[in-house]
1. For the pair Ala249 and Lys18, what calculated FRET efficiency results from E = 1/(1 + (r/R0)^6), where r is the Cβ-Cβ distance and R0 = 35 Å, to the nearest 0.05?
2. Picking from Phe300, Pro245, Leu184, whose Cα lies most toward the positive end of the charge dipole for segment 168-332 (charges on Cβ: Lys, Arg +1; Asp, Glu -1)?
3. Given axes a ≥ b ≥ c from the Cα gyration tensor, I'd like to know whether segment 291-349 is rounded (a/c under 1.5), prolate (a/b larger than b/c) or oblate.
4. Hey, could you get me the Stokes-Einstein D for the chain, Kirkwood radius over alpha-carbon pairs, 25 °C and 0.890 mPa s, rounded to whole µm² s⁻¹?
5. Which aspartates and glutamates have a Cα less than 16 Å from the Cα of Lys202, not counting those fewer than 8 places away in the same chain?
6. If one computes P(r) from the Cα atoms of segment 168-332, what percent of pairs lie at distances over 26 Å?
7. For the cross-link pairs Lys35/Lys155; Lys155/Lys195; Lys246/Lys290; Lys123/Lys198; Lys18/Lys242, which exceed 32 Å when the distance is taken from alpha carbon to alpha carbon?
8. Can you compute the charge dipole magnitude of segment 168-332 about its Cα centre, using +1 on each Lys and Arg Cβ and -1 on each Asp and Glu Cβ, nothing else charged? Give it in debye, rounded to the nearest 20.
Amino acid sequence: MIETTRRILLIRTDASTKIGTGHLMRCLALAQAWKDAGGKVAFITACRNEGLLERLREEGFEVHLLSSSYPDPGDWEVTKNVLARHPDAWVVLDGYHFDETYQKRIKDAGNRLLVIDDMAHLKHYYADIVLNQNLHAEDLHYSCEPYTRLLLGTKYVLLRREFLAWRGWKREVPEMARRVLVTLGGSDPENYTLKVIKALQKVDISGLEAIVVIGAGNPHADVLKKAVGQSRIPIRLIQNAKNMPKLMAWADVAISSAGTTVWELAFMGVPTIVGLTAPIEEFLVNGLEKYGLFVNIGWFNRLYADQLVNILNELMRNERKRRDMIVLSQHLVDGAGCARILEHLSIKE
């Protein structure tokens, strides 16, 4: 295990309605692992979601708030001052708006750098480590420095502490699935969740029930509460859930956007229907579809309710398919990702 005592990990990431919460939440997983190994953590963020910020503070992490995010020059002015106080710290960078220039500035400041990436979209990477936890990662080409190490694939999936408590748990697979978990990201600005709730009303399975999870920053909470209240089937609406592993363990199947939540669902062995809510997710889903890990329904904004009903009906009635999906997903995501990454952040390097 890495020796992190008294060492600090600096994490630069953001969360917002526009970019979602996935970047911050997967960084939270790495931060928890670092802290559990004896280290300290500081987040530098332009996040304005009080629920997320409170979660970071509850963990005992320092939080340095930015008034604006890169490429605004105020971002780097604050960040470089934090880095200057911790010249030996590893820096974690997670966000598509951080370009080659931002990476180079961190390296020029003398810090070691871990970049969390999804699609090799930059012309060059200056990081000491590039981490891509997706299935398609090994098919990508990274232009990087001779010293750069690539950590690629689902063996490095970042899972928060609350999920790791479920390692070794075995899921029971009913002949007919009746419990549906709906989770379409931390913000869901287009309110695709409402479309799914309406589709659930048309699913012809007796005993059907659902739990709908929305983020703390979801702007459509009131509309969704009204829809749930008028539902013909039992639906619980949970905002800012604190017990996602338990909810995933409850579910027989899930409907999810194609963000970082898919890896949590895979670890928990939830047969999942995945839809697209943002352009980046189309890139990520290609890797999922290649392995048959999830059922891909394409873009939510192009999806008709009857299409989702038919797909959901088929999956809920197909016990064999659900069993196969469970075995594959738990094989690909074993929960040891954070531990493997910490081994590369050794103080002895």
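Quick note: the coordinates plus some simple rules give every number you see, no bench work behind them. Predicted model only: the values in this text are computed from it and were never measured. Note that we place each Cβ from the backbone using ideal geometry, even for glycine, and neighbour counts take in every protein chain shown.
1. Working from the Cβ atoms, E equals 0.65.
2. Among Phe300, Pro245, Leu184, the one farthest towards the positive end of the dipole of segment 168-332 is Pro245.
3. Because a/c hits 1.5 or more and a/b fails to exceed b/c, segment 291-349 counts as oblate.
4. 118 µm²/s
5. Of all the aspartates and glutamates, those that pass the test against Lys202 - Cα under 16 Å, at least 8 places apart if same chain - are Asp306, Glu314.
6. Pairs farther apart than 26 Å: 19 percent.
7. Violating the 32 Å Cα-Cα cut-off are Lys155/Lys195; Lys123/Lys198.
8. I would put it at about 400 debye.
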